[in-house]
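The values are calculated or read from the model by the stated rules, or taken from the named source; none is laboratory data. Only a predicted model underlies this, so the values are computations on that prediction, with no experimental measurement involved. Backbone-built Cβ (ideal geometry, glycine too); neighbour counts: all protein chains shown.
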Amino acid sequence: MASLRSRAECRWQPLGEGWVKLNFDGAPRGNPGQAGIGCYVHNWECKEIATLASLVGIKTNNWAKLMVLVEGLHLCRKLGVKILDIEGDLAIIVNSLRKGNMPNWRLNTLLSKAIDLCKGFDRFTVNHIYREGNKRADELANMVVDGIKLLFEPA
């Protein structure tokens with residue numbers, strides 16, 4: 001019962017000064033199905049500094065989540081991020097990034113792109129978070145699938 005409570009109380013946690021956090025999620029309707037991807041970037045003061053959301057077509061869950069990770073890493077590199085904490089709610093993606101390979105070999109090309117992008121940061125960590133703590137990224141991905149047009153303005 002305690003694990004259910006801690007999961008329900010799960011929320012985004014900031015890191016130390018200088019760190020930036022990337023949360024990412026993909027949302028296909030079906031597997032495969034029409035998929036949206038969404039991610040957001042926060043600084044160490046919990047201020048959202050960038051978001052990304054896009055419709056990517058008919059994709060599997062794993063493909064959508066790995067694709068948004070790659071797009072989110074590109075975004076962080078464009079922002080000049082040096083120290084990055086990456087959080088996602090799909091353990092297979094998080095563990096594959098840590099290990100450097102995917103059980104599904106078809107996704108290894110995307111995983112290789114993510115690994116190469118990670119090499120461009122001075123420091124990075126990769127962590128799994130329960131989906132309850134990843135709500136904003138999930139919202140972004142689902143909104144584009146629902147046809148909601150998103151307007152992003154720089155902070």
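Which condition number in (1) of a type outside the set (D, E, K, R); (2) in contact with a strand residue (DSSP E or B) (Cβ under 7 Å, 6 or more places away or on another chain); (3) surrounded by 15 or more Cβ atoms within 10 Å (Cβ to Cβ) is the one that residue 58 fails?
Tallying (1) of a type outside the set (D, E, K, R); (2) in contact with a strand residue (DSSP E or B) (Cβ under 7 Å, 6 or more places away or on another chain); (3) surrounded by 15 or more Cβ atoms within 10 Å (Cβ to Cβ), residue 58 fails exactly one: (3).
Looking only at the stretch 76-94, count how many residues are surrounded by 14 or more Cβ atoms within 10 Å (Cβ to Cβ) and in a helix (DSSP H, G or I).
Number satisfying all stated conditions: 5.
I'd like the full set of residues that are closer than 21 Å to residue 82 by Cα, outside any helix (DSSP H, G or I) and in contact (Cβ under 8 Å) with a residue 24 or more places away in the chain, limited to the stretch 107-147. If you could, list the steps in order and put the result at the bottom.
Applying the first criterion (closer than 21 Å to residue 82 by Cα) to the stretch 107-147 yields 111-128.
So of that shortlist, the ones also outside any helix (DSSP H, G or I) come out as 119-128.
Of everything in the stretch 107-147, those that are closer than 21 Å to residue 82 by Cα, outside any helix (DSSP H, G or I) and in contact (Cβ under 8 Å) with a residue 24 or more places away in the chain turn out to be 120, 121, 122, 123, 124, 125, 126, 127, 128.
Among the residues of the stretch 63-92, how many are in contact with a Leu (Cβ under 8 Å, 6 or more places away or on another chain) and either modelled with pLDDT under 95 or among the small types (Gly, Ala, Ser) (or both)?
2
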